[in-house]
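The numbers here are math on the coordinates, done by the rules we state, and not lab data. Being a predicted model, the structure only gives us computed values, none of them experimental. All Cβ positions, glycine included, derive from the backbone under ideal geometry; neighbour counts span all protein chains shown.
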Amino acid sequence: MPTVKSWSRVRLFAMDVDGVLTDGTVRICSDGTESKSFSILDGMGLVRLGRAGIATAWISGRASGATTVRATELKIPQVIQGRTDKLAALQELAARLSLSSEQCAYMGDDDIDAPAIAWAGVGIAPAGSMPAALAAADYVPRRPAGLGAVRDVCERILGARSKTAGTKSKP
């Protein structure tokens, strides 16, 4: 389990989309359109992180119009789609933002996420993730993917920042 100090160092919370921000289900209609369900709880957590100055990023292995629409609604500044090498994408993003691995949190649910989960200072996998993702993770939220798991992580990051800020201000 990551310490308050580990959570407080996070300056970037990056995550997969399908199976993290959603329950992993993609609905494809006969006309070819797709839909996904996103949690309002997760959305509010991401908005609160942005207001607190924490960068957020979505790194998805597949391109999706639904992902683009939701990211735009939430003003997610970094949206990378169609990248299956999640570790390389995360490392490139961290370098562009001048961040170390310790300043990054990454949340993913599948084998292709495991290297990024292991590299990040705080690695997270939702309950129900594939074994490789769970083995690489430092933390598994209690809430399920697509139903508040991301919000759980947002609250931990914000809570740790609040605690360390309070500690620094004491004489």
Open item on the list: Please go through the range 84-110 and give me each residue that is in contact (Cβ under 8 Å) with a residue 24 or more places away in the chain and over 14 Å from the mean Cα position of the chain (by Cα), ordered by number.
Closed with: Thr84, Asp85, Gln91, Leu97, Leu99, Glu102
TODO: Collect the residues in the range 124-137 that are in a helix (DSSP H, G or I) and under 14 Å from the mean Cα position of the chain (by Cα), keeping them in residue-number order.
DONE: Ala133
Task: Conditions (1) in contact with a helix residue (DSSP H, G or I) (Cβ under 9 Å, 6 or more places away or on another chain); (2) in contact (Cβ under 8 Å) with a residue 60 or more places away in the chain: number failed by Pro144 - done: (1)
TODO: Note down all Cβ pairs under 8 Å where the first residue falls in the range 6-30 and is of a type in the set (Asp, Glu), the second is outside any loop (DSSP other than H, G, I, E, B), and they're at least six residues apart or on different chains.
DONE: Asp16/Trp58; Asp16/Ile59; Asp16/Ser60; Asp16/Lys86; Asp16/Met107; Asp16/Asp113; Asp18/Ser60
- [ ] Collect the residues in the range 138-152 that are of a type in the set (A, V, I, L, M), in a loop (DSSP other than H, G, I, E, B) and within 17 Å of Asp18 (Cβ to Cβ), keeping them in residue-number order.
- [x] Ala145, Leu147
